[in-house]
1. If we only count strands (runs of 3 or more DSSP E) wholly inside the stretch 1-119, which ones have 1 or more residues that are on the phi < 0 side of the Ramachandran plot and acidic (D, E)?
2. In the stretch 67-82, what residues are more than 9 Å from the ligand (Cβ to nearest atom) and either closer than 24 Å to E44 by Cβ or over 17 Å from the mean Cα position of the chain (by Cα) (or both)?
3. Which of (1) under 20 Å from D33 (Cβ atoms); (2) touching a strand residue (DSSP E or B) at 6+ places or on another chain (Cβ under 7 Å) is the odd one out, the single condition A109 does not satisfy?
4. If the Cβ limit is 8 Å and pairs must be 6+ apart or interchain, which residue in the stretch 121-150 that is among the polar types (S, T, N, Q) pairs with which residue that is in a loop (DSSP other than H, G, I, E, B) and surrounded by fewer than 19 Cβ atoms within 10 Å (Cβ to Cβ)?
5. Can you find a residue that is among the small types (G, A, S) and open to solvent by 10 Å² or more (accessible area, probe 1.4 Å) anywhere in the stretch 44-53?
6. Could you please give the count of residues in the stretch 89-102 that are away from the ligand (no atom under 16 Å from the Cβ) and open to solvent by less than 80 Å² (accessible area, probe 1.4 Å)?
Amino acid sequence: MCLLLIGPPGAGKGTQAVRLAAHLSIPHISTGDLFREHIDQGTELGQNAHTHTRAGLLVPDEVTIGVIKERLTRPDTERGFLLDGFPRNLAQAHALDDILAYSESRVDAVLDLEIPEDQVVRRIAGRRLCRRNHEHIFHVDYSPPEVDETCDVCGGELYQREDDRERTVRKRLEVYRTETAPVVGHYQAQGLVTTISACGQVQDVLNRSLVALGYGQVDVAGTSG
Ligand code: AP5
């Protein structure tokens, strides 16, 4: 299955993607996480990406499409994958269609996470990420770690993303409205999009997503319902 998660910054894409990917037994591929890994490692690609991410702008398409193209050649994607944060504009959507067509594949489903901007701002303001693994996501109020500044999963240090500052968040939201929102229309025209509310508890959003994809709900313990 090729599944796309689309939604504004802070909607909860990363939070849901980790859970959905585990449930569907497919890899979670986040362009944001891939860029953050490059930035942490100080690679040339990371230095280039950093000039754009810290300003709240999209990393240039040739870089981003190259990163995704390489990632999709790895064997763990053979049975499908979940893309979180890609495609983010129409050029990337067309590039993805071409990449998939080359392997006689296509996008199977798109989940469009909808949430009011005031909630997004609250979610982003309190977000903390684990330095060791960017998939370990916390929130100072909504999902606080048991020990301050420490990841419950691996003991890594928690930190606030540089691009989560208010001014940058406003820019990211503007970029989402102008560049990414049209991507939803691209897939709507193919009948692939289900829009779901990203408000409420993490578990409720996960259940809405699973139902939209034709799966049963899961209970809080994570077993199928
Ligand atoms: P990226 O990392 O993809 O950022 P984003 O799309 O702006 O999304 P976020 O990571 O901010 O939010 P999210 O929706 O994943 O929310 P989360 O689950 O963390 O991209 C960063 C940058 O990289 C971009 O600005 C760009 O520069 C570059 N980039 C990336 N992809 C690119 C591309 N394709 N092309 C070009 N450039 C690209 O949740 C947020 C918070 O809310 C967390 O604290 C979480 O604990 C909490 N939370 C989540 N769900 C709930 C809930 N239901 N209830 C309460 N709290 C919740």
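1. Qualifying strands (runs of 3 or more DSSP E): 81-84, 109-114.
2. Here is the first cut: in the stretch 67-82, the ones more than 9 Å from the ligand (Cβ to nearest atom) are 69-82.
Across the stretch 67-82, the qualifying residues are K69, E70, R71, L72, T73, R74, P75, D76, E78, R79.
3. (1)
4. N133/V153; N133/C154; N133/G156; T150/G156
5. Keep residues of the stretch 44-53 that are among the small types (G, A, S), which gives 46, 49.
With the extra rule that they be open to solvent by 10 Å² or more (accessible area, probe 1.4 Å), the set shrinks to none.
No, there is no match, as no residue in the stretch 44-53 is among the small types (G, A, S) and open to solvent by 10 Å² or more (accessible area, probe 1.4 Å).
6. Just the residues of the stretch 89-102 that are away from the ligand (no atom under 16 Å from the Cβ), to begin with: 101-102.
Next cut, open to solvent by less than 80 Å² (accessible area, probe 1.4 Å) only: 101.
Number satisfying all stated conditions: 1.
The values are calculated or read from the model by the stated rules, or taken from the named source; none is laboratory data. Since the model is a prediction, treat every value here as computed from it, not as a measurement. Heads up, the Cβs are rebuilt from the backbone with ideal geometry, glycines too, and the neighbour counts pull from every protein chain shown. Surface accessibility is based on the protein's heavy atoms, side chains included, excluding ligands, DNA and RNA. Shrake-Rupley method; radii C 1.70, N 1.55, O 1.52, S 1.80 Å.
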